[in-house]
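As structure tokens, the structure follows; a few thoughts come after it.
The values are calculated or read from the model by the stated rules, or taken from the named source; none is laboratory data. Just so it is clear, the model here is predicted, and its values are computed rather than measured. Cβ coordinates were reconstructed from backbone atoms using ideal geometry, including for glycine residues, and neighbour counts include every protein chain displayed.
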Amino acid sequence: MTPTDTIAHQPKGVDTTGPENGTGVPTLVASHEANPVLERDAATKGSWMAYVKTKQFWIAMVLGQTLAICITSTNTLSQLLSNEGTSIPAFQSLFNYILLNIVYTGYTLYKLGLKGWAKMVVKDGWRFFILAFIDVLGNYFIVLAYRYTTILSAQLINFWAIVVVVILSFLFLKVRYRWTQIAGILLCVGGVGVLFGSDHITGFNQYDALDAVKGDLFALLGASLYGVSNTFEEFLVSEEPLYVVIGQLGFWGMFINGTVAGIFDRSSFRAAVWNADVGGYLTGYTLILSLFYSLAPILFRLTSAAFFNISLLTGNFWGVAIGVKVFHYHIHWMYPIAFVLILVGQIIYFLRQGSLAEQKKPWLGEAQDKGVSGIGTAKRRVENPDAIV
């Protein structure tokens with residue numbers, strides 16, 4: 001996955017090794033002139049179905065649903081842990097950051113060497129610290145919200161994350177949204193509305209809130225933090241190799257999450273039940289969440305933080321689908337309709353975009369020469385027109 005990620009800051013058309021790369025792999029910065037990928041994108045910009053017909057679109061759709069299933073699986077495992085009497089939301093995420101740090105920081109050290117890694121941390125570590133801090137707090141406040149408010153209220157407020165991403169992308173990343181993208185987002189939200197309507201009819205997920213106002217405020221804060229971290233991570237992975245970003249997220253997240261767990265989870269940890277089932281649930285939770293953190297940056301590169309968030313809206317459907325087996329739920333007839341509406345909304349989102357669509361980041365220049373060349377990036381396709389991702 002990561003060996004193709006290289007950093008290039010040299011002028012257009014120059015074939016050199018990027019000074020911050022440290023890999024010894026020459027990086028070719030493709031010129032806009034006569035480049036078939038850029039020419040095709042320019043010719044199809046604003047055309048109907050241009051991106052939907054590409055392999056990249058279907059890869060993005062499958063990847064988005066894979067991430068939705070990952071999140072649903074971690075939520076299911078959290079519920080199983082709670083059923084066992086073990087509710088340690090901050091502590092259980094600590095193992096995820098530790099695993100990410102071991103795998104990706106280890107690979108970063110292999111690629112850059114100890115001195116190269118240290119220079120990177122001194123130069124850019126503050127950016128990754130901020131990303132990890134926002135990510136850890138976002139996770140914590142969302143979990144905290146579910147203690148006080150209803151699932152319905154918390155999930156409705158999570159739509160705020162999409163709004164935050166769209167606003168931040170427009171203001172800071174120079175992203176300009178077409179009306180079809182806005183329509184697609186609204187249809188996806190409407191699909192989730194159908195899910196909530198089904199829950200209301202069947203009484204599923206309905207229970208009294210312990211403190212609705214406090215819970216809703218926590219959910220709103222968590223959703224805002226999610227929106228900021230998603231947008232910031234999309235920006236970082238467009239400029240840096242994946243192994244650097246994920247490794248630094250794991251490195252700083254390990255310390256930040258450990259501190260949060262030490263402060264807020266001490267009493268919960270002492271009261272927790274520890275047995276073989278709990279160990280298995282924690283292991284599964286860690287592995288699936290680490291897979292989620294590994295795949296999400298690729299979707300940020302292929303599409304955007306906005307599409308990432310609307311992809312996760314199908315999580316409610318997958319949650320009930322998994323719950324049929326695990327918790328003996330029953331799927332209401334409105335659930336498949338809602339699922340299809342969300343998928344159709346995702347198609348409409350890309351209905352009038354060029355062949356590169358959101359893979360081409362506006363802040364990286366016309367030929368994407370300011371960005372990294374790696375899996376999922378437009379620059380990789382510009383340099384190698386035969387590359388799929």
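Structure summary
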quantity	calculated
Matching entry among V62, V136 (being without any contact (Cβ under 8 Å) to a residue 24 or more places away in the chain and in the same structural domain as V326 (by TED's automatic domain parsing))	V62
Residue check, L236 among the hydrophobic types (A, V, I, L, M, F, W, C), assigned to a helix (DSSP H, G or I) and under 21 Å from T108 (Cα atoms)	yes
Given (1) in the same structural domain as V163 (by TED's automatic domain parsing); (2) within 23 Å of Y226 (Cβ to Cβ), number of the condition I348 does not satisfy	(2)
Selection status of W252, within 24 Å of T76 (Cα to Cα) and either touching a residue at least 12 places away in the same chain (Cβ under 8 Å) or among the hydroxyl-bearing types (S, T, Y) (or both)	no
Qualifying residue in segment 109-128 (condition: without any contact (Cβ under 8 Å) to a residue 12 or more places away in the chain, surrounded by fewer than 21 Cβ atoms within 10 Å (Cβ to Cβ), among the β-branched types (V, I, T) and in a helix (DSSP H, G or I))	yes
Given (1) at pLDDT 95 or above; (2) more than 19 Å from T231 (Cα to Cα); (3) aromatic (F, W, Y), number of the condition F317 does not satisfy	(1)
Residue selected from segment 19-57 under the condition of a type in the set (A, V, I, L, M), in a loop (DSSP other than H, G, I, E, B) and crowded, with 21+ Cβ neighbours inside 10 Å, by the criterion modelled with the highest pLDDT	A50
Failed item, numbered, when P336 is tested on (1) of a type outside the set (D, E, K, R); (2) farther than 30 Å from K379 by Cα; (3) buried (at least 22 other Cβ atoms within 10 Å of the Cβ)	(3)
Residues of segment 229-243 satisfying the condition of being surrounded by fewer than 21 Cβ atoms within 10 Å (Cβ to Cβ) and closer than 14 Å to G138 by Cα	F232
H332, sole failed condition from (1) in contact (Cβ under 8 Å) with a residue 12 or more places away in the chain; (2) assigned to a helix (DSSP H, G or I)	(2)
Subset of segment 225-282 (residues that are polar (S, T, N, Q) and within 18 Å of the chain's Cα centre (by Cα))	S229, N230, T231, S238, Q248
Unique match (being buried (at least 21 other Cβ atoms within 10 Å of the Cβ) and either modelled with pLDDT of 95 or more or out of contact with any strand residue (DSSP E or B) (no Cβ under 9 Å at 6 or more places or on another chain) (or both)) among T72, T66	T72
Any hit, segment 170-190, residues being at pLDDT below 85, under 25 Å from the mean Cα position of the chain (by Cα) and in a helix (DSSP H, G or I)	no
